[in-house]
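Worksheet for the structure shown next.
The values are calculated or read from the model by the stated rules, or taken from the named source; none is laboratory data. Being a predicted model, the structure only gives us computed values, none of them experimental. Heads up, the Cβs are rebuilt from the backbone with ideal geometry, glycines too, and the neighbour counts pull from every protein chain shown. Note: areas computed on protein heavy atoms with side chains; ligands, DNA, RNA excluded. Shrake-Rupley method; radii C 1.70, N 1.55, O 1.52, S 1.80 Å.
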Amino acid sequence: MTRLKVTLLAGGVGGAKMAEGFAALDDVDLTVIGNIADDAQFHGLWVSPDIDTMIYTLAGVIDRDQGWGVADEGRRALDTLKRLGEDTWMFLGDRDFGLHIHRTSRIAKGERRSVIAADIARSFGVDAKIVLPTDDVIQTRVRTEAGWLGFQEYFVRERCAPDIFEIAFDGMETARPTPEALQAISGAELLVIAPSNPLVSIAPILGIPGLRDAMAGASAPRIAVSPLIAGKVVKGPADRMLASLGHRQDAVGVAALYADIIDLMVIDTQDAGLSEDIERLGMAAATADILMKDARDKAGLAETVIAMAGRVAQRGDAA
Ligand code: GDP
Ligand code: CA
């Protein structure tokens with residue numbers, strides 16, 4: 001059986017749900033290009049929240065209720081750190097700590113971060129290829145009323161409460177794409193942008209010099225799935241972020257951010273009224289039920305996206 005080579009650009013929780021959908025299909029060979037701009041050091045250890053969420057989800061060890069972290073976690077290591085006077089607002093479970101120790105010790109030996117991530121995924125039994133967009137360090141910062149915050153300070157410590165007026169990606173200008181990421185884009189038969197936060201999960205992938213151009217020049221059909229339904233997120237701050245940064249707070253606002261790099265935007269059935277505005281951006285629009293509540297929804301949406309790709313390809317052939 002020849003398997004369809006699907007490359008998914010994805011952040012954390014929303015991205016991992018879409019990845020699970022493709023991973024459930026036998027006829028798909030899945031590669032995920034994940035987001036590393038949420039990475040931060042805690043207690044001397046490198047934590048990579050979006051990549052770890054992706055790996056834990058595809059490995060089936062994720063805590064299903066919260067959507068991140070390992071199921072059946074303990075907090076003994078964290079309690080010790082707290083007793084020793086350290087800041088422990090970033091929850092890191094005992095099992096999870098093991099992974100961060102491993103990653104950090106290999107980084108200290110000079111290994112490429114993308115090799116480390118791929119090895120971790122393989123060790124956890126993940127079939128999909130996990131690719132990092134860069135081996136360099138990129139870190140998201142956000143400007144709020146209280147000044148600039150590191151991304152995890154905003155997301156975890158402040159629980160996304162402050163409004164965001166500006167986003168910066170430290171290290172972006174000098175970052176170089178990994179050959180694996182460029183190959184995953186040019187060699188894909190279908191490129192999908194997951195319903196992830198466009199501003200802090202997908203933008204820091206596309207912002208790495210060369211990656212947006214690779215998407216623009218790719219020959220495969222390119223499809224994005226909206227993270228917003230009826231102008232609202234399923235979870236997280238993407239809707240408020242879009243609004244406070246001057247974008248439309250709906251699927252059209254998301255599509256506009258991808259106007260130069262996608263052929264088709266998949267929006268929710270209840271957003272059918274937005275199709276015209278999306279088509280005016282120079283791409284096709286299609287509707288589906290894009291809320292993924294369970295494994296069936298996820299695989300079903302992945303199948304729908306693949307079926308839609310056939311339509312994009314035919315449109316190209318006919319033109
Ligand atoms: P994070 O890195 O953990 O914040 O996760 P992502 O950036 O990958 O995804 C966050 C986005 O996923 C949010 O904007 C949610 O609205 C979106 N999302 C979560 N679940 C679903 C879903 O079932 N369907 C759709 N369409 N979007 C979802
Ligand atoms: Ca994230």
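Couple of notes before you dig in:
So that you can scan it fast, the table gives a plain yes or no per residue for (1) in contact with a Phe, Trp or Tyr (Cβ under 8 Å, 6 or more places away or on another chain); (2) more than 30 Å from Gly310 (Cβ to Cβ):
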position	(1), (2)
Gly150	no, yes
Ser196	no, no
Pro204	yes, yes
Arg222	no, no
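- Strands (runs of 3 or more DSSP E) enclosed by region 164-270 - at least 1 residues per element that are β-branched (Val, Ile, Thr) and over 24 Å from Gln139 (Cα atoms): 222-225, 264-268
- Of the criteria (1) surrounded by 15 or more Cβ atoms within 10 Å (Cβ to Cβ); (2) touching a Gly at 6+ places or on another chain (Cβ under 9 Å); (3) touching a residue at least 40 places away in the same chain (Cβ under 8 Å), which one Asp250 fails: (3)
- Some residue of region 86-105 being modelled with pLDDT of 95 or more, more than 27 Å from Ala59 (Cβ to Cβ) and either touching a helix residue (DSSP H, G or I) at 6+ places or on another chain (Cβ under 8 Å) or not basic (Lys, Arg) (or both): yes
- Here is the figure for region 122-136: residues that are assigned to a loop (DSSP other than H, G, I, E, B) and out of contact with any Phe, Trp or Tyr (no Cβ under 9 Å at 6 or more places or on another chain) total 7.
- For Ala161, the conditions (1) farther than 25 Å from Leu245 by Cα; (2) free of Cβ contacts under 8 Å to residues at least 24 places away in the same chain; (3) open to solvent by 30 Å² or more (accessible area, probe 1.4 Å); (4) hydrophobic (A, V, I, L, M, F, W, C) all hold with the exception of (1).
- Residues that are β-branched (Val, Ile, Thr) and either more than 15 Å from Pro49 (Cβ to Cβ) or without any contact (Cβ under 8 Å) to a residue 12 or more places away in the chain (or both) within region 143-158 comprise just one, Thr144.
- Whichever residue in region 184-243 is in contact (Cβ under 8 Å) with a residue 40 or more places away in the chain, open to solvent by 30 Å² or more (accessible area, probe 1.4 Å) and near ligand 1 (Cβ under 8 Å from one of its atoms) and, among such residues, is nearest to Asn35 (Cα to Cα): Gly236
- Subset of region 1-22 (residues that are open to solvent by 10 Å² or more (accessible area, probe 1.4 Å) and either away from ligand 2 (no atom under 14 Å from the Cβ) or of a type in the set (Val, Ile, Thr) (or both)): Met1, Thr2, Arg3, Leu4, Lys5, Val13, Glu20
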